[in-house]
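**Q** There's a structure below that I have some questions on.
The values are calculated or read from the model by the stated rules, or taken from the named source; none is laboratory data. Please read these numbers as outputs of a predicted model, since none were measured by experiment. No Cβ is skipped: glycine too gets one built from the backbone with ideal geometry, and neighbour counts run over all protein chains shown.
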Amino acid sequence: MVSLWQLFWSFFKIGTFTIGGGYAMIPLMEKELVDRHRWLTAEEFMDILTLSQTMPGIFAANMATHVGWRLRGFSGAAVAVIGNVLMPILIILAMAAGLHYLQGNAVVEAVFKGVRPVVVALIAAPVFRMARAAEISRYNFWIPIVAALLIWLLGVSPIWIILIAGVGGYLYGKYFERKEVNP
Amino acid sequence: MIFWRLFYTFLKIGIFNFGGGMAMLALIQNEVVEVNGWMTAGEFADIVAASQVTPGPIGINVATYAGYTSVINAGYEPSFAIFGAFLASFAVLLLPFITMLLVSRYLMRHKDNPMVKTVMHFLKLTVIGLIAAAALLLISPDTFGSFSDSPLQFWVSIALFVVAFLVSLKWKTSPILLIVLSGAVGFVVYYLIM
């Protein structure tokens, strides 16, 4: 049986040595879980990947929950998630405290003045990439536009938009989608 | 009380997050900047930048940092802010963790179910709108400077935005590289020159 310590250590490494978000962790996860420890087959790994993206929450933490649960049940799931997020939390906390301490520092202010508009660009750019990946068509292109306008101009909470989309998708699948594949 | 509100807010953010870290940014931005006013758009952009250049899932990094900043901005000592940071991360993880444990066995068998696929397709399309709205809401004098106060900062910001947007769209350039480079530009323009 896999030891809890080993599970913790694997996810600790995965969480600590990847910069650039959850999706950047995929190659390291595959290497650690499939190639190195053979806890999962390549096919199981792909299935868990799809499942973790489908479920709500943080993708990397969902992966850790499922893999931990599969190997050692509830305690395995808890240990894997804590291992995955522990170092990132400590590092970002140190950064938060450090930057807060330096608040008002002219150099830090100057650096962030340059960074802020780029952050906005980094959030805007994936919108167009994701639209392609989501098979946007002339029948459904209005969905993201209406969602964006409701939030941006009318101040509707994104949570309502998500709820409506979920219920709408369910009703569409139930009553309209008998033969076609996509809305 | 801010801690209860922080916990409840991040609990919501966790369970309604579909579609990756960027979608979570949209939810967090809406809750902490627009709804609760715990920080400005500029502070939120700083948090996102810091979260991109440190290890770990973006959602966790932003939740931790946003928890810290919200408590500090409410006038508490840093030790309370550290508690706020852990509280926000714990809250954002809690419900998805329980959901994963409860339904993953069941869903594993039904992942190719057409109904699950249709609902996911609708959610994916909607999440694109969520992220677009977050970007639009972040365009403010906090992030770009105001034209009347400092025309130079305004135009430099526009130029940085356009270049970063095009480069990122065309070549998928690493966000870390773009953040480091724009920080260097900021240092040169706003510290050395001005």
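**Q** Select the helices (runs of 4 or more DSSP H) contained entirely in region A:5-101, then report the ones holding at least 2 residues which are surrounded by 19 or more Cβ atoms within 10 Å (Cβ to Cβ) and in contact with a Pro (Cβ under 8 Å, 6 or more places away or on another chain). Walk me through it before giving the result.
**A** On the way: elements: A:26-29, A:42-54, A:59-101.
It comes to A:59-101.
**Q** So, one more: Exactly one condition in (1) facing chain A (nearest Cβ under 8 Å); (2) among the aliphatic types (A, V, I, L, M); (3) under 18 Å from the mean Cα position of the chain (by Cα) is not met by B:Leu101; state its number.
**A** The single condition B:Leu101 does not satisfy is (3).
**Q** Please state which one of A:Lys113, A:Lys174 is surrounded by 13 or more Cβ atoms within 10 Å (Cβ to Cβ), of a type in the set (D, E, K, R) and within 8 Å of chain B (Cβ to nearest Cβ). Break it down stepwise before answering.
**A** Details: A:Lys174 fails: surrounded by 13 or more Cβ atoms within 10 Å (Cβ to Cβ).
One residue alone meets the criteria, A:Lys113.
**Q** Could you identify the single residue in B:Gly67, B:Gly59, B:Gly20 that is of a type in the set (Gly, Ala, Ser), surrounded by fewer than 24 Cβ atoms within 10 Å (Cβ to Cβ) and assigned by TED's automatic domain parsing to the domain that holds B:Pro96?
**A** Values: B:Gly67 fails: surrounded by fewer than 24 Cβ atoms within 10 Å (Cβ to Cβ); B:Gly59 fails: surrounded by fewer than 24 Cβ atoms within 10 Å (Cβ to Cβ).
Result: B:Gly20 is the single residue among B:Gly67, B:Gly59, B:Gly20 that is of a type in the set (Gly, Ala, Ser), surrounded by fewer than 24 Cβ atoms within 10 Å (Cβ to Cβ) and assigned by TED's automatic domain parsing to the domain that holds B:Pro96.
**Q** Sticking with this structure for a sec: Within region B:115-142, how many residues turn out to be surrounded by fewer than 24 Cβ atoms within 10 Å (Cβ to Cβ), more than 17 Å from A:Val167 (Cβ to Cβ) and at the interface with chain A (Cβ under 7 Å from one of its Cβ atoms)?
**A** 3
**Q** Any idea which residue in region A:118-137 is surrounded by the fewest Cβ atoms within 10 Å (Cβ to Cβ), counting only those that are assigned to a loop (DSSP other than H, G, I, E, B) and touching a residue at least 12 places away in the same chain (Cβ under 8 Å)? Steps first, answer last, please.
**A** In the first step, residues of region A:118-137 are kept if they are assigned to a loop (DSSP other than H, G, I, E, B); the result is A:134-137.
When the remaining residues are screened for being touching a residue at least 12 places away in the same chain (Cβ under 8 Å), the result is A:135, A:137.
Working: A:Glu135: 13, A:Ser137: 10.
For region A:118-137, the residue satisfying everything is A:Ser137.
**Q** Name the residues in region B:165-176 that are part of a helix (DSSP H, G or I) and either under 23 Å from A:Gly155 (Cα atoms) or β-branched (Val, Ile, Thr) (or both), would you?
**A** Of region B:165-176, the ones part of a helix (DSSP H, G or I) are B:165-171, B:175-176.
Of everything in region B:165-176, those that are part of a helix (DSSP H, G or I) and either under 23 Å from A:Gly155 (Cα atoms) or β-branched (Val, Ile, Thr) (or both) turn out to be B:Val167, B:Ile176.
**Q** Among (1) at the interface with chain B (Cβ under 7 Å from one of its Cβ atoms); (2) in contact (Cβ under 8 Å) with a residue 40 or more places away in the chain; (3) touching a Ser or Thr at 6+ places or on another chain (Cβ under 9 Å), which single condition is A:Asn140 missing?
**A** Going through the list (1) at the interface with chain B (Cβ under 7 Å from one of its Cβ atoms); (2) in contact (Cβ under 8 Å) with a residue 40 or more places away in the chain; (3) touching a Ser or Thr at 6+ places or on another chain (Cβ under 9 Å), A:Asn140 breaks only (3).
**Q** Additional query: Please go through region B:12-33 and give me each residue that is more than 7 Å from chain A (Cβ to nearest Cβ) and farther than 20 Å from B:Gly56 by Cβ, ordered by number.
**A** Within region B:12-33, B:Glu31, B:Val33 meet the criteria.
**Q** Mind counting the residues in region B:77-97 that are modelled with pLDDT of 95 or more and over 21 Å from B:Gln29 (Cα atoms)?
**A** 2
**Q** Give me the residue from region B:34-48 that is among the small types (Gly, Ala, Ser), surrounded by fewer than 23 Cβ atoms within 10 Å (Cβ to Cβ) and in a helix (DSSP H, G or I) and, out of that set, nearest to the other protein chains (Cβ to nearest Cβ).
**A** Filtering region B:34-48 down to residues among the small types (Gly, Ala, Ser) leaves B:37, B:41-42, B:45.
This time we only want the ones that are surrounded by fewer than 23 Cβ atoms within 10 Å (Cβ to Cβ), so: B:37, B:41-42.
Those left that are additionally in a helix (DSSP H, G or I): B:41-42.
Details: B:Ala41: 9, B:Gly42: 6 Å.
Ranking the candidates gives B:Gly42 first.
**Q** Only one residue in B:Thr126, B:Thr54 is free of Cβ contacts under 8 Å to residues at least 12 places away in the same chain, under 30 Å from A:Tyr175 (Cα atoms) and within 22 Å of the chain's Cα centre (by Cα). Which one?
**A** On the way: B:Thr54 fails: under 30 Å from A:Tyr175 (Cα atoms).
From the options B:Thr126, B:Thr54, the qualifying one is B:Thr126.
**Q** List the pairs whose first member sits in region A:39-67 and is facing chain B (nearest Cβ under 7 Å) and free of Cβ contacts under 8 Å to residues at least 12 places away in the same chain, whose second member is hydrophobic (A, V, I, L, M, F, W, C) and assigned to a helix (DSSP H, G or I), and whose Cβ atoms are under 6 Å apart, counting only residues at least 6 apart or on separate chains?
**A** Note: pairs meeting the criteria are A:Thr54/B:Met120; A:Met55/B:Met100; A:Pro56/B:Ile15; A:Asn62/B:Met100.
**Q** Can you name every one of the helices (runs of 4 or more DSSP H) wholly within region B:61-164 that holds 2 or more residues which are within 23 Å of A:Ala133 (Cβ to Cβ)?
**A** Details: elements: B:78-110, B:114-138, B:141-144.
So the answer is B:78-110, B:114-138.
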